[in-house]
């Protein structure tokens, strides 16, 4: 079971957890996700916290609520999530890393070589 931390509200961390499950294929598009009660028990969270996370996912059209049946992962959402997360990474962490490297005087070619090495090492161990 995942442990939640104090870095952000728990309902946002749960939302991220569900998004990761969709991206990784642990939860398929069109698949029903567990109920609020089931998720509350699984993660040992208040049902309102789980409801808040699912409400966010519904409002972002990641999942859809079918009244009286449950919550289902929207079709095409995996690709949308990947795109959104990739854009956020490029604009956030990746951009900060490049700027910090430039401020430290790291040569662009050295930076690119390091990125290539790390990327290749990561792909070969996946």
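So the values come out like this:
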read-out	value
Check on residue 98, surrounded by 13 or more Cβ atoms within 10 Å (Cβ to Cβ) and free of Cβ contacts under 8 Å to residues at least 40 places away in the same chain	yes
Residue 95 vs. criteria part of a helix (DSSP H, G or I), more than 22 Å from residue 53 (Cβ to Cβ) and within 23 Å of the chain's Cα centre (by Cα)	yes
Scope segment 43-78; condition closer than 20 Å to residue 5 by Cβ and buried (at least 16 other Cβ atoms within 10 Å of the Cβ); matching residues	43, 45, 49, 50, 52, 53, 56
Boolean, residue 30 is free of Cβ contacts under 8 Å to residues at least 24 places away in the same chain and assigned to a loop (DSSP other than H, G, I, E, B)	no
Check on residue 54, touching a residue at least 40 places away in the same chain (Cβ under 8 Å) and either part of a helix (DSSP H, G or I) or under 23 Å from residue 116 (Cβ atoms) (or both)	no
Verdict on residue 39 being in contact with a strand residue (DSSP E or B) (Cβ under 6 Å, 6 or more places away or on another chain), surrounded by 15 or more Cβ atoms within 10 Å (Cβ to Cβ), part of a helix (DSSP H, G or I) and free of Cβ contacts under 8 Å to residues at least 60 places away in the same chain	no
Residue 101 being farther than 30 Å from residue 31 by Cα, at pLDDT 90 or above and not in a helix (DSSP H, G or I)	no
From the options 83, 19, residue that is part of a helix (DSSP H, G or I) and surrounded by 15 or more Cβ atoms within 10 Å (Cβ to Cβ)	19
Selected residue [over 28 Å from residue 28 (Cβ atoms) and assigned to a helix (DSSP H, G or I)] from 109, 124	109
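The values are calculated or read from the model by the stated rules, or taken from the named source; none is laboratory data. In this text, all values refer to a predicted model and were calculated from it rather than measured experimentally. When we count neighbours, we look across all protein chains shown, and the Cβ atoms used for this are built from the backbone with ideal geometry, even at glycine.
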